[in-house]
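Here the structure is laid out as structure tokens; the discussion comes afterwards.
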Amino acid sequence: GDDQRKSGGDPDGSNKIVCTMMNESYGFGSYRNAIWLKYSRDHLLPEHEIGYHKIFLPLVAHAKGKGLSNYIVKVVIEHLTRHRTIDCKQEMRGKKRHTLGRIYRAIFEPLCYIVGKYGK
């Protein structure tokens with residue numbers, strides 16, 4: 001659960017990846033974290049991770065708050081991460097893909113890449 005990777009946009013490595021933050025904040029297990037890290041190493045580019053940080057770190061930080069909007073953001077992030085994880089796991093095992101997770105990934109992985117490559 002303490003695995004931290006350096007991001008291409010964070011040369012000193014102080015910025016944790018979102019799945020690690022979710023693990024620390026909400027008790028997401030190291031199992032989910034391990035799936036994300038392996039999938040990222042094997043299938044994603046540094047631009048994906050940079051964009052992922054730019055988009056999701058502020059959302060996770062907001063989700064840690066106590067208000068209604070904070071709670072809504074937290075629930076949405078947890079939902080997205082659960083379904084993304086299932087699809088990543090299924091894909092890595094060569095099994096039938098998880099439809100909802102696949103849809104979320106089809107939206108967010110290209111978005112993260114674009115933000116990571118072209119976002120300022």
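Where a number appears in this text, it was derived from the coordinates with a stated rule and is not lab data. From a predicted model like this one, the values you see are computed outputs, not experimental measurements. Don't worry about glycine lacking a Cβ; one is built from the backbone with ideal geometry, like all the others, and counts go over all protein chains shown.
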- prompt: Karplus couplings for segment 101-112 from phi (6.51 cos²θ - 1.76 cosθ + 1.60, θ = phi - 60°), rounded to Hz, Gly and Pro as x?
  reply: x, 5, 4, 4, 5, 5, 8, 7, 5, x, 4, 4
message: Could you give the length gained by full extension between ARG93 and TYR31, i.e. 0.36 nm per residue of separation minus their alpha carbon distance, to one decimal place?
response: 20.8 nm
statement: Given 46-53, 87-94, 111-118, the highest-first ranking by average Cβ count within 10 Å works out to 46-53, 111-118, 87-94
- request: Let me know the shape class of segment 20-120, please: from the alpha-carbon gyration tensor, a ≥ b ≥ c as square roots of the eigenvalues, rounded when a/c is under 1.5, otherwise prolate if a/b is greater than b/c, or oblate.
  value: oblate
